[in-house]
Amino acid sequence: MAQAVKWRSLSHSDSGYTAAMSEAANERLPLRERKKLRTRQALIDTALVMFTERGFDGTTLDELCDAVDVSKRTFFRNFTSKEDVASAPTQDLWAAFLDELETCEPAGRTLLEMLQDALLAALDRMTADGWARRVLLSRRLADNAPSIGAHGLHFCDRTGRAALTVLHRRLDLDGSGDLRPRLALDVLIAAFHCALDTWTSRPGTPTRTGLAAGLREAFAAVPGSLTLTAELRKTP
């Protein structure tokens, strides 16, 4: 039987995410912060449309900023690059996941189960109007723009390391030489990408509940994938 995660620390980080908060939560923010979030969202929405219609390489940063009527300085306050703004919808989900890790309790679950529940809880927080469609557009752009894919790989690596830091700070895990927490995170990310690939390939309007269902299906397949017997195909 898998070993359950033990609780160690009650520390909670103040560095939560705000970019993908619900509309109701945004309305409780000060006016200045609401304006910043609206500008950020306008950059994301405009970028996804322009990149889709004109091509990622066919749209310059100047053209994007002009379309939103902001300066490059404002753009770089929110994003590091065109690849960053194109990847923002999915990155917001993982920012919420890190936020969930700061407060979730093991409650007798295995580490992998805790991580899965944290990701599903983060997905539940992606209630901003049109988020699922933005993820779909972002994913399709990544399929056709290698630089977005490369950016995504670097982001996955940074997120994995950040999550590992949180786990070792808050949970009673073995030392840094224990490979199991890192492998649990890698399994979680792999399952997410499997679910995302299936979700984006389906016809119709993408929904957050549909992605959640795909995630649960991928999570349920993980144990069987570890014990799947490999046999050569029989030739007729």
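Please determine, by comparing only the residues of the range 52-66 that are in a helix (DSSP H, G or I) and touching a Phe, Trp or Tyr at 6+ places or on another chain (Cβ under 8 Å), which one is farthest from residue 41 (Cα to Cα). Talk me through it step by step, then tell me what you get.
As a first pass, look at the range 52-66 and keep what is in a helix (DSSP H, G or I): 52-54, 61-66.
After this cut, where a residue has to be touching a Phe, Trp or Tyr at 6+ places or on another chain (Cβ under 8 Å) as well, the list is 61, 64-65.
Details: 61: 16, 64: 13, 65: 13 Å.
Here the residue is 61.
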Of residues in the range 140-197 being part of a helix (DSSP H, G or I) and of a type in the set (Ser, Thr, Tyr), the one surrounded by the most Cβ atoms within 10 Å (Cβ to Cβ): 159
Cβ-Cβ under 6 Å, sequence separation 6+ or interchain: first residue in the range 92-110 and modelled with pLDDT under 95, partner assigned to a loop (DSSP other than H, G, I, E, B) and crowded, with 21+ Cβ neighbours inside 10 Å. Which pairs? 106/5
In contact (Cβ under 8 Å) with a residue 12 or more places away in the chain, part of a helix (DSSP H, G or I), over 28 Å from residue 105 (Cβ atoms) and touching a Lys or Arg at 6+ places or on another chain (Cβ under 6 Å) - does that describe any residue in the range 205-223? no
Since residue 169 meets every condition but one in (1) charged (D, E, K, R); (2) under 26 Å from residue 83 (Cα atoms); (3) touching a residue at least 60 places away in the same chain (Cβ under 8 Å), which condition does it not meet? (2)
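The values are calculated or read from the model by the stated rules, or taken from the named source; none is laboratory data. Everything quoted here is computed from the prediction, not taken from an experiment. Note: ideal-geometry Cβ built from the backbone for every residue, glycine included; neighbour counts use all protein chains shown.
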